[in-house]
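Below is one structure, written out as structure tokens, with a few remarks after it.
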Amino acid sequence: MPQRADAVRNHEQILAAAEQLFGECEPHTVTMDRIARAAGVGRATLYRRFPDPAAVAAALLDEHHQALAGQLAYGPPPLGPGAAPAERLAAFYTAATALLERHLPLALGAGPGPAWLRGETYGHWRAHVRALLAEAGAEDPDTGADILLGPLSPELYRHQRHTLGFPPERIAAALGRLARRVLPEGGIG
């Protein structure tokens, strides 16, 4: 059933306002009240769509993730199909760090730890890395996928970028080396 035009407009206003707030403020300071005011909608309208600020941030992050998901599934190698698993994993790390670099406030706003792990973006990333491990013949791709995604946690990425001052290229290069060491010709044991 198609949405009413005003509902679509409200949804777009909410996401645009939230994206601006998450970009300007510390993620933990963004409240539903602030989002509603910035979007010019009532709190009830906002709560009909989202239970909390983390859900708004997760929806925004998932929208930004869709382009990456398309590249993983249909893009040219090495990010897309057709390259060796280690090269695809290295390319994924580069793309994922670029996404975190552009949208770190949203990733942090989507919630720490368990909230990030339950999110749609992490779920897609996990399925992709698990498939690469399985293709490479890894003994246990289920646990390996989470281990290999650990370095992409938003909190760790923020620490490396903003506390330690590592440039994104350095982080991506280190993760690429990890991918090639873990999957040189096969999978992790």
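Helix 53-74 and the long axis of the chain differ in direction by around 40°, with both axes built from C-alpha atoms.
Taking ALA90, ALA127, ALA179 as the candidate residues, the one with maximal mean-square fluctuation in a Gaussian network model of the chain, Cα springs under 10 Å, is ALA127. Separation of the stretch 104-133 and the stretch 1-67, taken as the distance between their Cα centroids, equals 19 angstrom.
Expressed in units of 2.2 N^0.38 Å, where N is the residue count, the Cα radius of gyration of the chain is 1.12.
Other residues with beta-carbon under 11 Å from the beta-carbon of PRO77 carry, at +1 per Lys or Arg and -1 per Asp or Glu, a net charge of 0.
Since every read-out is calculated from the coordinates, none of them should be taken as a lab result. In this text, all values refer to a predicted model and were calculated from it rather than measured experimentally. Note that each Cβ is placed from the backbone with ideal geometry, even for glycine, and that neighbours are counted across all protein chains shown.
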